[in-house]
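No value in this document is a laboratory result; all are computed from the given coordinates. Note that this is a predicted model, so its numbers are computed, not measured.
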Ligand SMILES: CC(C)(COP(=O)(O)OP(=O)(O)OC[C@H]1O[C@@H](n2cnc3c(N)ncnc32)[C@H](O)[C@@H]1OP(=O)(O)O)[C@@H](O)C(=O)NCCC(=O)NCCS
């Protein structure tokens, strides 16, 4: 049985991951490559995204390209690109923090509010069953708090969201 009963997931490790949004739109995930750096730069530097980043300073393009290449190559990070109709609409990044992996997510501004974030987290859930995942969300980030709750995460006493077992 699938972990998230609302979403159908066809999962194969490292292969195409496919789930549907609550409205029935099919999405899939693939691992990011360095070619994805520019679109991620666009999403991450949009004003509505940066305001909720831990580091609110907007990086230069050079800084971003260096950072992105390092993340894509690292064994301690995974960047997954969400695709709808073959087009990228967002990313989920996993960063190893001791025994757990921190989840960060960005959906392209024009795609927000339609279930795409929730669908990506459902796919990540299936891909990462062997990992302990958590997310840190800034207090005012209502969309992100709602997203992680809707995706089955619960707030832990240390202020982090963790997947319900
Ligand atoms: C947070 C973010 C990823 C959410 O993605 P999304 O695709 O818009 O979210 P979804 O449409 O899947 O919505 C998921 C849930 O959150 C709720 N939600 C979405 N946007 C909301 C908002 N602005 N205010 C309140 N609730 C909201 C939805 O109603 C849904 O709940 P439901 O299933 O109970 O109805 C997106 O807003 C984003 O990229 N924000 C900027 C980056 C960011 O803050 N990332 C998180 C840092 S950890």
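Computed on the Cα trace of the chain, the radius of gyration divided by the Kirkwood hydrodynamic radius gives Rg/Rh = 0.93. Distance between the C-alpha centers of segment 104-165 and segment 31-65? Whole Å please. So the separation of the two Cα centres works out to 19 Å. Subtracting the Cα-Cα distance of residue 42 and residue 73 from 0.36 nm times their residue separation leaves 9.1 nm of extension gain.
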